[in-house]
Every structure is written in structure tokens, then in C-alpha cells.
């Protein structure tokens, strides 16, 4: 593939974010609203104890990715005390279905023995994403007998009248040597649904994308589109230890293709998109979102520091 990087298109420091948020615009997710590209993202503010909370808002762009306007507020509140999304929503994947938007919530909450747990919920919007209302307070996809750890990073598309969800499931928690910290390991899974609400996992607990870094590779934010006669998945992956401060172990973008949405062949070299030089994406590429507008294919993604300084976009020039 040949991509043209269009650069950093949104820096949160240059805009008035809702609430007390001042930085981070993570996991950008696009949907068309008329001629406007509405990009939802997770930003952060701190609670009374100084810990981060992830909240979702959006920014509007024209088709050349020129910034137009910010959302008036967050698109929904966090979950109630004890709910799966009590402390954050990351990401919110938005899918247009008929006259409404479905928002798939990657919700997380803090735990004691490990830092976080996660599940996936769902909300609806009848006003083009200005606000969302949860269908219910609980998740539609959560940990289970073969996926006992965190569940998250939903990405949903409809193909041939069937809803497909690609998500991540935790496989283990690693103890960091000479430290009390633990780090998660997660892989990409697949679920299907007839209505987008009730989900089945045909191969629960089975990772669908093979590892290239070994069994402790972590894979995140799968994103799928159909073009050039097959299905294409872009995701991010990293080492599970020392990835925050060692650029060579940080997130990079991975790629796989399929002809049936079930069996995937991984070949990262085919993607042709890597870190920049002395730029906002020189240390990592993460949290991709593959989408199409007007016959063109684009990839939104975050760069250094997990999206602290915003998100950029690349245009597919040649598949």
C-alpha cells in the first residue's frame, strides 16, 4: 500500500475541550454527518483524587480535514458507580444504522490487584452523535469462561446484513521484574450479531491475528474496511513490557487481510506506514481507524505519548 500522510490534524492544546480536559485526543473514530467528517475521540480529565478519567467528545472537519468546530460538551456521562465504564470510555466506536448512530463503548473501571478491567457496552444517538443514551447500564460483551480478563476496543461493521465486531481480550497479566507493577497482554477476537446488540463469539478465546513479537505481544484497536476485492484490517501492536519509555518497544501499526472475515493473513510489511522523523509520530503509531469517504480510504491514528498531542490522518494513494 502507498499512503500519503496528511499530518497532525487535531492538537487538543489548540482547542477548548469540554470539562477540565486539556490534552489527549485518543482513538479517533470518524462518521459522516452530511458533508462533515465528525471525529469522536477520548480525552482525559482528573478526578478529585488526581486520577485520570476518559471522556468522549468530538471535533468536526471538512473533507480536506480542515478543523471546523468542537462539540458543545461530552457526548455522554461516565457509567454509574460500580459499572463497567465508571472510570472511562476508550474508545467509542460509532456506526450509522438507518436513522441513528450506534455507539459501542469501550468501558473501563479501576481494580485493586490489577490496574483496570474492561467490557463493551452500547448506546444510541438520534441527534447525529451530539448526545448518546445507553441502551442499558451493563455491557453487551464482557469477560467469560474462555476470556476471563479485560474486554475492550470494539470496532463494528455490517457486511451482508450481519454485524461483525472485532475486539480485544486479555490473555494474561505479566509481573514486571523488580517492580510491583503488572502489565496486560491482549489479542484480537471476533464476534457476530444479527441486530448489533446480542452478540455471539464463534471462536471464543481464539486470537485471529498471529503474533510477530511472540506470545506476549499486545494487539489493540482493530479496524476493518472492504476495498480492492478483500477485507483489510489495520491494528496496533507492541511489546507488553517497557513500551512506555522505549520507542523500539512502543506501538506500531499492523496489517492483515481476509476474503471471508474469519481467516486472516498477517503481513505488516504490506501496510507501508511507519513512524515519522522528528515529528509528532516519530516514536509510535497507535489507535488506528480505517474509514472511507467519497470513494477514498483514510486512516486516522495517534502518535507519540499515546495521543497526548492529538491525532493525524493518512490517505491511501494506491492499494
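Listing for the model above:
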| quantity | calculated |
| --- | --- |
| Condition met for residue 186 (at pLDDT 95 or above, more than 17 Å from the chain's Cα centre (by Cα), part of a strand (DSSP E or B) and surrounded by 13 or more Cβ atoms within 10 Å (Cβ to Cβ)) | no |
| Enumeration of residues in the stretch 117-140 that are assigned to a strand (DSSP E or B) and touching a residue at least 60 places away in the same chain (Cβ under 8 Å) | 122 |
| Residue check, residue 212 within 26 Å of residue 244 (Cα to Cα) and touching a helix residue (DSSP H, G or I) at 6+ places or on another chain (Cβ under 8 Å) | yes |
| Residue in the stretch 263-275 that is buried (at least 17 other Cβ atoms within 10 Å of the Cβ) and touching a helix residue (DSSP H, G or I) at 6+ places or on another chain (Cβ under 6 Å) present | no |
| Restricting the stretch 64-93 to residues that are assigned to a strand (DSSP E or B) and buried (at least 19 other Cβ atoms within 10 Å of the Cβ), the residue that is farthest from the chain's Cα centre (by Cα) | 88 |
| Qualifying positions in the stretch 21-53 - more than 15 Å from the chain's Cα centre (by Cα) and over 15 Å from residue 87 (Cβ atoms) | 22, 23, 32, 33, 34, 35, 36, 37, 38 |
| Filter result for the condition that a residue is loosely packed, with under 15 Cβ neighbours inside 10 Å and in contact with a strand residue (DSSP E or B) (Cβ under 6 Å, 6 or more places away or on another chain), over 171, 175 | 175 |
| Pick from the stretch 200-209, criterion part of a loop (DSSP other than H, G, I, E, B) and in contact with a strand residue (DSSP E or B) (Cβ under 6 Å, 6 or more places away or on another chain), ranking: surrounded by the most Cβ atoms within 10 Å (Cβ to Cβ) | 209 |
| Selection status of residue 197, in contact with a helix residue (DSSP H, G or I) (Cβ under 9 Å, 6 or more places away or on another chain), modelled with pLDDT of 95 or more and in a loop (DSSP other than H, G, I, E, B) | no |
| Number of the condition not met by residue 239 [criteria: (1) buried (at least 17 other Cβ atoms within 10 Å of the Cβ); (2) over 16 Å from residue 102 (Cα atoms); (3) in contact with a strand residue (DSSP E or B) (Cβ under 7 Å, 6 or more places away or on another chain)] | (3) |
| Failed condition for residue 180, given (1) without any contact (Cβ under 8 Å) to a residue 24 or more places away in the chain; (2) over 27 Å from residue 119 (Cβ atoms); (3) in a loop (DSSP other than H, G, I, E, B) | (2) |
| Residue check for residue 233: in a strand (DSSP E or B), touching a strand residue (DSSP E or B) at 6+ places or on another chain (Cβ under 7 Å) and over 16 Å from residue 106 (Cβ atoms) | yes |
| Residue match in the stretch 285-304 (condition: surrounded by fewer than 22 Cβ atoms within 10 Å (Cβ to Cβ), under 15 Å from the mean Cα position of the chain (by Cα), modelled with pLDDT of 95 or more and on the phi > 0 side of the Ramachandran plot) | no |
| Sole residue being more than 23 Å from residue 123 (Cα to Cα) and either surrounded by 13 or more Cβ atoms within 10 Å (Cβ to Cβ) or free of Cβ contacts under 8 Å to residues at least 24 places away in the same chain (or both), chosen from 220, 250, 225, 191 | 250 |
| Any hit, the stretch 94-111, residues being on the phi > 0 side of the Ramachandran plot and either at pLDDT 95 or above or assigned to a strand (DSSP E or B) (or both) | no |
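The values are calculated or read from the model by the stated rules, or taken from the named source; none is laboratory data. Note that the structure is predicted; figures quoted are calculated from it, not measured. All Cβ positions, glycine included, derive from the backbone under ideal geometry; neighbour counts span all protein chains shown.
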